[in-house]
Amino acid sequence: MAVSKLFGARVKRKEDPRLITGRGNFTADLTPQGTVYAHFVRSPYAHARIKSIDVSGALKVDGVIAVLTGRDLADAIAPVPTAWQIPASNLKVPRYTAVAVDRVRYVGDPYAVVVARSPYVAADAAGLVSAEFEPLPAVTDPERAVQPGSPLLYDEVPNNTAFVWQAAGGDVEGAFSGADLVVKQRMVNSRLQPTAIETRAALAVYDRFNDKATVYLTTQNPHVHRLLLSAMTGIPEHKLRVVSHDVGGGFGSKIHCYGPEAVVLHLAKRLELPVKWVETREENFKSTIHGRDHVQYVEAAATKDGRVLGLRVKSFANLGAYISTAAPGIPTILFGPMLSGPYAIKGISVEVIGALTNTAPVDAYRGAGRPEATYILERVMDLVARELNVDPAEVRSRNFIPRDRFPYQTPIALVYDSGDYERAHRRALELLGYSKWRDEQKRARERGVLIGIGISSYVEVCGMGPSAAVRSLGFGLGLWESTIVRVHPTGKVSVYIGGHPHGQGEETTFAQIVADRLGVPLEDVDVIHGDTDQVPFGMGTYGSRTTPVAGGAVALACNKVLEKARKIAAHMLEVREEDLVFEAGRFHVREAPEKSKTIQEVAFAAYGAGANELPSGTEPGLEATVYYDPPNFTFPFGTHVCVVEVDPESGQVKVLRYVAVDDCGHQINPMIVEGQIQGGIAQGLAQALYEEAFYDSSGNLLTSSLNDYLVPTAVEMPDVVSDSTVTPSPHNPLGVKGIGEAGTIASTPAVVNAVLDALAHLGVRHIDMPLTPEKVFRAIKSAAR
């Protein structure tokens, strides 16, 4: 493969051959000799006191090694930590035990664990654990949970209110007092189940001779997991290794530390046996974190020409029964400041009430706070357009932040680095043929055919993030990244990163960065990640941060390697450093190009370390370590446009056309960018039309299998017309911005707006997600009365 211009090339993913030929190495694939299996006994009640637990029946089963209850483990394992302690919110974090001790608080809450010689024996024996419960009233709705008199989950958390977070900026009162109209709407951002193709799994192995433990884990951040597991189990960090090979999707759900992971580690040390646990799909749906679940009250102040002046938002955020690792920051810090979106809004105020309910914990899910903010804004833009009878595309154009106002200070905290929102918007409308579709919509209505066009313009904050900023906002650690770029004597390159790609493609894109900068063949670069004993400490992969932050570190490390290589080459060629030109993997003398040394020759000299190879005082070897702490977040943006047809007789929605124009700055590999966008669109469309985690009034999860939880397939996915504009980040070493969550953020409101646009002339104003055929049909019939 050519070694020039690899940055920006459509290179096939290096990791794909092993994955598509069944040679991936997942946690569930690992079974050391002597492995035993854990199975967690889970609550059938949403809320109940544990009166007694009888494990005698399970212990009699042949092959059962141990049965432990929450009380047995309470002193051995510390509570699950909450790593994002948001300030100025009166945050209350109740005790979150790895296994329930006195009370269970959601259906699926574990209260005992069985260990046996086979997973099947463990599962059978778990059915013989007998518990006596005292059922208690349950509450699942976040708005109802915080009302006086609702069932309390914790005596120490009055009204189930874990926090009240408020933020405001700009002239909010002036915006509303000077408005020509105020649009109000209650919106529900529905609860979602992440549904990674691989469920969670853990395998712990204890080496009693060296007093060290290794945990093989499905995680998005191995070093952070090691830190949290160390805190929970008491095993020192230097005695604990976390290894995460291939991970079958995460979408945020594998960021967090879960109780069962710590239990498996504790059991491995306690029993001195390898202990393995692989979650079933039912367990995954019931006890892996869920996402979203906001009830939002929105008021928008606007002028008669469609300019949105101000926004007031009150949101009830469902946290579930326990406060998970990053849970307090998702509906607050990642939500409130993004209520500006791409628009020049003068004043914004937001209040978020964090509600504890008898449901599974809620935490980061792809987009994490930004989809909830974007949904509000894009629905507001359509509602304002409808009130004023102005085209929704025109309303957005009138409100965009002009490109000459960057860097742009938003009303709440953030400073956008760069943007050209109108250009992406125009390009999306052009690719769609917007005017033609509006004409077709009119003609179709005359025939009784319901066609709708939905627009979603977004900006998101990613590239998490400047350590000083996130620490001031209560995050448990800074969000820098680290890397080691090591050039071996033969010129082959190993890149060790603290990030942990699990589908994002950085094994390929980071190899492209290195190959392009060092001028070596792509196949000569290996990217190593996921093993805390091999790679430098890093914060992991989430929040669309790996390419901007870890990629920035890789680029800077390559620069340091080249600085040293230039000194060595100059010494070898007996010229000054400034007389050398480096291109296509070769240092040559500016005025005598025939005098040259390749990067491979320089690398060998660096390890040879002879007098004619290394300058005096230069250390042998050729590698660099970099810790990169970005000066700001990055802010990708774009516009998505969706066309749908709604069947008035059934309420069925069909997506006819979908256009996505996104701007993530410079693109390392456009093919991977498009793949990330299309995957994100699939998840956003799913929330708009199909997916919803649903609890009944007693707290039973009614969507606990794939028969009930509707994940879209290729049949439901439209063909996506994908295009981009390029507005580089001025502060990032590569000019990149991150793209992993953009499709999810933009697509949901685009699809919802399209459906509601199809029904607007019938008098339908709003339908809460998901817009199922039943909901749409009922809305049509209600409007006709």
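The values are calculated or read from the model by the stated rules, or taken from the named source; none is laboratory data. Owing to the predicted nature of the structure, the values given are computational and were not obtained by experimental measurement. Cβ coordinates were reconstructed from backbone atoms using ideal geometry, including for glycine residues, and neighbour counts include every protein chain displayed. We work out accessible area using only protein heavy atoms, side chains counted, and drop any ligands, DNA or RNA first. Shrake-Rupley method; radii C 1.70, N 1.55, O 1.52, S 1.80 Å.
Key figures for this structure:
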read-out	value
V352 vs. criteria at pLDDT 95 or above, within 15 Å of V298 (Cβ to Cβ) and open to solvent by less than 10 Å² (accessible area, probe 1.4 Å)	yes
Residue match in segment 40-51 (condition: among the hydrophobic types (A, V, I, L, M, F, W, C) and within 22 Å of A202 (Cβ to Cβ))	yes
Residue in segment 689-721 that is modelled with the highest pLDDT, counting only those that are open to solvent by 40 Å² or more (accessible area, probe 1.4 Å) and small (G, A, S)	S698
Pair list, Cβ < 8 Å and 6+ apart or interchain, from segment 242-253 residues that are without any contact (Cβ under 8 Å) to a residue 12 or more places away in the chain to residues that are surrounded by fewer than 24 Cβ atoms within 10 Å (Cβ to Cβ)	none
Which listed residue, of G684, G680, is open to solvent by less than 10 Å² (accessible area, probe 1.4 Å) and within 30 Å of H761 (Cα to Cα)	G684
Options F176, F163, F133: the member that is crowded, with 17+ Cβ neighbours inside 10 Å, at pLDDT 95 or above and in a helix (DSSP H, G or I)	F176
Candidate set from segment 562-594 (those that are at pLDDT 95 or above, under 19 Å from K5 (Cα atoms) and of a type in the set (A, V, I, L, M, F, W, C)); member that is surrounded by the fewest Cβ atoms within 10 Å (Cβ to Cβ)	V581
In segment 761-777, the residues that are open to solvent by less than 30 Å² (accessible area, probe 1.4 Å), within 24 Å of Y434 (Cβ to Cβ) and touching a residue at least 60 places away in the same chain (Cβ under 8 Å)	L771, V776
Any chance T69 is crowded, with 18+ Cβ neighbours inside 10 Å, in contact with a strand residue (DSSP E or B) (Cβ under 6 Å, 6 or more places away or on another chain) and over 24 Å from T233 (Cα atoms)	no
Counted residues, segment 27-59 - those being crowded, with 17+ Cβ neighbours inside 10 Å and of a type outside the set (K, R)	18
Unique residue being in contact with a strand residue (DSSP E or B) (Cβ under 9 Å, 6 or more places away or on another chain), touching a residue at least 24 places away in the same chain (Cβ under 8 Å) and of a type in the set (A, V, I, L, M) when the list is I672, I677	I677
Test for I745: is it open to solvent by less than 40 Å² (accessible area, probe 1.4 Å), part of a helix (DSSP H, G or I) and of a type in the set (A, V, I, L, M)	yes
Condition broken by S650, with the remaining ones in (1) surrounded by fewer than 18 Cβ atoms within 10 Å (Cβ to Cβ); (2) touching a helix residue (DSSP H, G or I) at 6+ places or on another chain (Cβ under 8 Å); (3) assigned to a strand (DSSP E or B); (4) not charged (D, E, K, R) satisfied	(3)
Failed condition for P260, given (1) outside any helix (DSSP H, G or I); (2) touching a Pro at 6+ places or on another chain (Cβ under 7 Å)	(1)
Test: residue in segment 157-174 that is without any contact (Cβ under 8 Å) to a residue 24 or more places away in the chain and either in contact with a Lys or Arg (Cβ under 9 Å, 6 or more places away or on another chain) or within 30 Å of S56 (Cβ to Cβ) (or both)	yes
Failed item, numbered, when P194 is tested on (1) in contact with a Gly (Cβ under 9 Å, 6 or more places away or on another chain); (2) on the phi > 0 side of the Ramachandran plot	(2)
Matching option when the condition is of a type in the set (A, V, I, L, M, F, W, C), surrounded by fewer than 24 Cβ atoms within 10 Å (Cβ to Cβ) and in contact with a strand residue (DSSP E or B) (Cβ under 8 Å, 6 or more places away or on another chain), among A344, A321, A360	A344
